Amino acid sequence: MKTSFLTALLAASILAEPAFAQSQPTMPPAPPPTVGAPALVPGAPVAPLTSVDTQFVQNQIEDNMAEFQAGQLALQHSQNQDVRSFAQKMITDHTYAQDTLAPIAQAHHIQSPGTLSEQHQDMLGQLASLDGPAFDRAYVDDMIRAHAVMVDVLNAQLVHGQDQHINAWVQNTRPIVLQHSEIAQQLLASLPRTG
């Protein structure tokens, strides 16, 4: 299995600090993939994507990037171990989602966006201005909203998407997104009220 440099780097940092890693609350592992699709052979011809499928892949690449960056901010700005543990899970799971989506994007010559959308930049900018409990609540609130939207997007893709590789990716990714949503809602309930 091909792992990204980022995933390897994260694993190395966890192994380098075993005492810290042991003190963090554990998060459940991501649900394993359940749906397969025919292999994408590099350089082999592929059927063109519909505009709906193309836009979906582009949006997922950007969403994964934004979730990753939000998780990094949480590791920098939060002292709450539950929030930090959730953020690490978000980084790990969205890196995996990006790595499994990459072959589909490459086969169809879909590039990563150079920058995030204004909406994602605003969200990250607001988070970056916060610390402590205010950050924790804002971050978890943002994750709840983002994952609620994502569930709707994934459900719509299963109805309207045409590409079997993308739909297999959606079917394997949807349980992870639902898990993130559930964890975030439980986490929000445990956080102290601010302001």
In a Gaussian network model of the chain with springs linking alpha carbons closer than 10 Å, the residue among PRO38, PRO103, PRO133 that fluctuates most is PRO38
Computed from the beta carbon distance with a Förster radius of 30 Å, FRET efficiency for GLN106 and ALA128 to the nearest 0.05 stands at 0.45
Measuring from its Cα centre, the chain shows a charge dipole (+1 at each Lys and Arg Cβ, -1 at each Asp and Glu Cβ) which, in debye to the nearest 20, is 320 debye
Both in Å, the radius of gyration and Dmax of the C-alpha trace of the chain are 17.2, 57
Given a Förster distance of 41 Å, the FRET efficiency implied by the Cβ-Cβ spacing of THR34 and ARG193, rounded to the nearest 0.05, works out to 0.60
The value for the range 49-91 (convex hull of the alpha-carbon atoms, volume per residue, Å³) is 50 Å³
When the charge dipole of the chain is computed with +1 on Lys and Arg Cβ and -1 on Asp and Glu Cβ about the Cα centre, the Cα farthest towards its positive end, among ASN155, GLN69, GLY36, belongs to GLY36
For the chain, longest principal axis from Cα atoms; helix 118-128 axis from its Cα atoms; angle between them, nearest 10 degrees, is 20 degrees
The summed charge of the ASP142 Cβ neighbourhood (under 13 Å; Lys/Arg +1, Asp/Glu -1) stands at -3
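Bear in mind these aren't lab numbers, they're just calculated from the coordinates by the rules spelled out. Quick caveat: nothing in here was measured; it's all calculated off a predicted structure. Positions of Cβ are backbone-derived with ideal geometry, glycine not excepted, and every protein chain shown enters the neighbour counts.
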